[in-house]
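Encoded as structure tokens, the structure appears first; notes follow it.
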């Protein structure tokens with residue numbers, strides 16, 4: 001008689017993922033004698049087995065319908081079946097085009113994402129709003145190539161356009177108002193405790209914009225082939241990523257005087273970033289050949305992939321300890337139990 005409880009999952013890297021991500025499973029007793037019947041299940045969804053042996057399995061996270069998630073991974077072999085906890089991210093929006101972090105309205109928990117389009121493309125809807133019940137609705141239609149999104153202390157949404165180098169403010173009546181212009185290829189955005197707005201020009205300059213729209217260069221780093229991404233850490237310093245042609249990229253740390261230091265080096269195509277309340281930095285990047293969300297310790301000494309995903313470009317934490325991650329077309333929610341850090 002077959003013992004369907006025999007075997008175990010001993011370890012797994014990482015313990016969470018979304019469509020296209022790879023999961024590396026170390027196991028014991030996985031019966032691969034009949035490979036045709038071997039399966040890896042993510043919740044109720046079947047993943048693709050990349051490779052399998054009795055002691056090691058590599059599997060790809062499957063595409064799921066909107067609203068479908070999961071809380072376990074299960075190996076099913078010829079005569080064995082066993083499972084372990086795994087967080088399968090729930091897709092909450094599709095057919096969008098984020099190129100940086102989503103923004104979360106702290107008043108009601110709504111999530112804002114862009115449909116950025118190709119350079120110079122004017123799309124019917126520039127920014128979408130995802131309500132707390134996951135209803136997706138058009139929000140703004142008048143910005144070409146919206147890129148960075150951020151809310152200030154008062155709950156006003158600011159948007160950068162990499163097309164015209166402009167920083168915009170969205171009024172409570174959804175009116176698009178110019179705050180500052182001539183900001184180069186304006187991409188990343190972050191706001192400090194005093195309300196100053198920082199905009200990354202991917203040509204190499206970080207601008208500081210005050211409350212009346214005056215802009216001054218704060219610092220310069222190496223130009224990016226894609227976009228700059230900005231986030232403030234608990235220590236008050238500004239952290240910046242900007243992908244180049246290298247596969248060994250750096251996260252930069254900039255203080256209030258504009259002094260630039262290297263915080264962490266060794267990532268592939270690092271993009272959106274966010275901090276948790278303990279000071280750990282999370283960044284959409286590749287690390288040691290694995291793409292997803294990488295967690296870097298507060299001292300910059302340790303890094304590991306904590307969410308697997310093939311096309312992730314940004315993330316944010318909501319007020320319910322969920323991580324909201326965005327790919328090049330989709331938005332996902334992962335209940336990771338992580339409290340995010342907020343400047344305000």
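Every read-out reported here was derived from the displayed coordinates using simple, explicitly stated rules and does not represent laboratory data. The structure presented is a predicted model; accordingly, all values stated were derived computationally and were not measured. Here the Cβ is made from the backbone with ideal geometry for all residues, glycine too, and neighbour counts use every protein chain on show.
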Quick note, the range 231-344: a/c under 1.5 would make it rounded; otherwise a/b > b/c is prolate and the rest oblate (a ≥ b ≥ c, C-alpha gyration tensor); here it is oblate
Ranked by GNM mean-square fluctuation in the chain (Cα springs under 10 Å), the top entry among 15, 320, 290 is 320
Semi-axes in Å, largest first, for the range 22-149 (Cα gyration tensor, √(5λ)) are 40, 15, 11
Computed over the range 8-88, the relative contact order (Cα-Cα under 8 Å, seq sep at least six) in percent reads 35 percent
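Roughly what % antiparallel, to the nearest 5, for the DSSP beta bridges in the range 8-88? Let's see the in-between values first.
On the way: 27 of 29 bridges.
Close to 95 percent.
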Taking max minus min of the Cα coordinates of the range 8-88 on each principal axis, largest first, gives extents in Å of 35, 23, 18
Using the Kirkwood radius over Cα pairs of the chain, the Stokes-Einstein translational diffusion coefficient at 37 °C and 0.692 mPa s, in µm²/s and rounded to a whole number, is 159 µm²/s
The alpha-carbon center of the range 134-182 and that of the range 291-338 are separated, in whole Å, by 24 Å
For the range 181-301, shape from the Cα gyration tensor axes a ≥ b ≥ c, cut at a/c of 1.5 then a/b versus b/c, turns out oblate
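When only Cα pairs under 8 Å and 6 or more residues apart are kept, what is the percent relative contact order across the chain?
Working: 1061 pairs, mean separation 46.7, N = 344.
Answer for the chain is 14 percent.
Using Stokes-Einstein with the Kirkwood hydrodynamic radius over Cα pairs, what translational diffusion coefficient do you get for the range 80-134 at 25 °C and a viscosity of 0.890 mPa s, in µm²/s rounded to a whole number? Numbers along the way, then the final one.
Values: Rh = 13.6 Å.
In µm²/s, the coefficient is 180.
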Sorted on mean Cβ neighbours within 10 Å (highest first), peptides 293-305, 148-160 come out as 148-160, 293-305
Over all Cα pairs of the range 126-194, the Kirkwood radius sets Rh, and Rg/Rh then becomes 0.97
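Highest mean first, what order results for 326-336, 206-216, 106-116 on Cβ atoms within 10 Å?
Details: 326-336: 21.0, 206-216: 15.3, 106-116: 19.5.
Top to bottom by mean Cβ count within 10 Å: 326-336, 106-116, 206-216.
Quick check on packing: order 57-67, 271-281 by the mean number of other C-beta atoms within 10 Å, highest mean leading. Don't skip to the answer; put the middle values down first.
Numbers: 57-67: 17.8, 271-281: 21.2.
Packing proxy ranking, top to bottom: 271-281, 57-67.
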